[in-house]
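Student: Attaching a single structure in structure tokens format; questions to follow.
Here, each number is a calculation from the coordinates, and none is a lab measurement. It should be emphasised that the depicted structure is a prediction, and the values quoted were computed from it without experimental measurement. Methodologically, a virtual Cβ is constructed for each residue, glycine included, from the backbone with ideal geometry; neighbour enumeration extends over all protein chains shown.
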Amino acid sequence: MTKADIVNEISKSSGIDKAKVLETVEKFMETVKDSLANGENVYLRGFGSFIIKTRSQKTARNISKSTTIIIPEHNIPAFKPAKVFMDQVK
């Protein structure tokens with residue numbers, strides 16, 4: 001399902017104009033991205049959590065050149081679904 005499909009579904013079920021729904025979905029995604037960029041997790045009860053995970057420093061190897069590089073510690077965004085969500089999908 002794409003963002004356009006989500007907008008269409010919400011618009012059909014709620015009767016709200018597609019442009020307003022698209023704007024709302026865009027603002028939601030922007031808010032989640034901004035929060036994660038600022039180091040704040042986003043918790044949506046009954047749905048899940050958008051969290052920041054820290055990947056520790058590691059050594060990577062390029063086998064063809066036989067060289068090693070160090071990948072520094074860095075943060076990545078992640079989604080952890082709520083138990084209710086997981087039970088519904090199963």
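Student: Looking at the range 3-90, which chymotrypsin sites (Phe, Trp or Tyr not before Pro) are in a loop (DSSP not H, G, I, E or B) and have at most 16 other Cβ atoms within 10 Å?
Tutor: Numbers: sites: Phe28, Tyr43, Phe47, Phe50, Phe79, Phe85; in loops: Phe47.
Counting only loop positions with at most 16 other Cβ atoms within 10 Å, the chymotrypsin sites (Phe, Trp or Tyr not before Pro) in the range 3-90 are Phe47.
Student: Sticking with this structure for a sec: In sequence order, what are the phi-derived ³J(HN,Hα) couplings for the range 71-80 according to the Karplus relation 6.51 cos²θ - 1.76 cosθ + 1.60 with θ = phi - 60°, rounded to whole Hz, with x for glycine and proline?
Tutor: 8, x, 4, 8, 9, 9, x, 8, 10, 10
Student: Report the extension gain between Ser49 and Asn62 in nm, rounded to one decimal, defined as 0.36 nm multiplied by the number of residues separating them, less their alpha carbon distance.
Tutor: Details: separation 13, 0.36 × 13 = 4.68 nm, distance 3.51 nm.
Full-extension gain reported as 1.2 nm.
Student: Then there is this: Need the list of aspartates and glutamates near Lys80 for cross-linking: C-alpha distance under 15 angstrom, and skip anything on the same chain fewer than eight residues off.
Tutor: Glu40
Student: Now for a different question. Under 20 Å from the 7 Å Cα→Cβ point of Ile69, by amide nitrogen: which residues of the range 43-62?
Tutor: Output list for this probe position: 55-62.
Student: Along the charge dipole of the chain, pointing to its positive end and built from +1/-1 on Cβ of Lys, Arg, Asp and Glu, which listed residue (Phe50, Pro77, Ile63) has its Cα farthest out?
Tutor: About the Cα centre, the residue reaching furthest to the positive side is Ile63.
Student: Please list the non-local residues whose amide H lies under 5 Å from the amide H of Asn41, H modeled 1.01 Å from N, same-chain partners needing a gap of 5 or more.
Tutor: For Asn41, whose amide H was placed from the backbone, there are no distant partners under 5 Å.
Student: Taking amide H atoms as placed 1.01 Å from N in the peptide plane, list the residues 5 or more away in sequence, or in a different chain, whose amide H sits under 5 Å from that of Gly48.
Tutor: Residues meeting the amide H criterion: Ala82.
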